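The values are calculated or read from the model by the stated rules, or taken from the named source; none is laboratory data. What you are looking at is a predicted structure, and each value in this text was computed from that prediction instead of being measured. Virtual Cβ from ideal backbone geometry, glycine too; neighbours counted across all protein chains shown.
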Amino acid sequence: MSTLSERFFDQALATVQTLRTTQMGRIREAAALLARQLFAGGVIHIFGSGHSKAFAMELCNRAGGLMPMHAITLDDLNVNDIHDPMIERDPANAHKLLALHDIRPEDGFIIVSNSGRNGAVVELAAAVKGRGLPLVVVTALNHTSQVTSRHPSGRKLHELADVVIDNCGPYGDAALPVPGEGWNCCSISSITGAFVAQALTAEWVQAFLDRGERPPVLLSANVDGGDAHNDALRKRYAGRM
């Protein structure tokens, strides 16, 4: 009999395969949309609240990733209790966040939210589109279709996007049924999110190569020559990150 951990591996691998077969077209579309901003010298800003911050961490300031990636999180507001759910639900916090950062017309956005329902997240997306910036959304369509919006407009995050990528997760995120309990354990969105983030990176690298340009990929700081390589890239985007 398989253990719960073995069953989780099976479930996770099956979900990743579903992601690959159903979302690759959207990943390529999203990458192409944001590549235009990168070619124009722009920065891609990535916002995620809660555990969706992990998506921004996959893209920003890490070995193998592109330099012009900038994480924006609710932590930037420097509030006393960042785990207070009302912080994510207050639309006003979206504008406070944007005011903290250098957002330019050549930039683009990725906003990540499993539920896509909370006020600050939806307001941030509306503000991004109000500035005329391209917006890619990563969300769980299965989940968001089963909940109501907490934004005054009644809209949800995916309704504001130029491109929506479904993380293929279930309602409630937890993917593994617990025998005899009627509820699940083991969340999946961070796993599929990591695949989406790295697939976008691969598409952007290919796009730079197709233009005959060297992609601005960071090296590990723990390999010889990594610091010098990365410092040169940082000079190209000084003050933006």
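For segment 59-80, what are the residues that are in a helix (DSSP H, G or I) and either out of contact with any Phe, Trp or Tyr (no Cβ under 9 Å at 6 or more places or on another chain) or within 19 Å of Ala238 (Cα to Cα) (or both)?
Residues satisfying the conditions are Leu59, Asp75, Asp76, Leu77.
If you check every pair at least six apart or on different chains, which have Cβ atoms under 6 Å apart with a residue in segment 52-63 that is touching a residue at least 60 places away in the same chain (Cβ under 8 Å) first and a residue that is of a type in the set (Ser, Thr, Tyr) and surrounded by fewer than 16 Cβ atoms within 10 Å (Cβ to Cβ) second?
From segment 52-63, the pairs are Ala63/Ser220.
Evaluate segment 176-197: report whether one residue or more is over 30 Å from Ser5 (Cβ atoms), modelled with pLDDT of 95 or more and touching a Lys or Arg at 6+ places or on another chain (Cβ under 9 Å).
Within segment 176-197, not a single residue is over 30 Å from Ser5 (Cβ atoms), modelled with pLDDT of 95 or more and touching a Lys or Arg at 6+ places or on another chain (Cβ under 9 Å).
Consider segment 224-241. How many of its residues are in a loop (DSSP other than H, G, I, E, B) and touching a residue at least 40 places away in the same chain (Cβ under 8 Å)?
4
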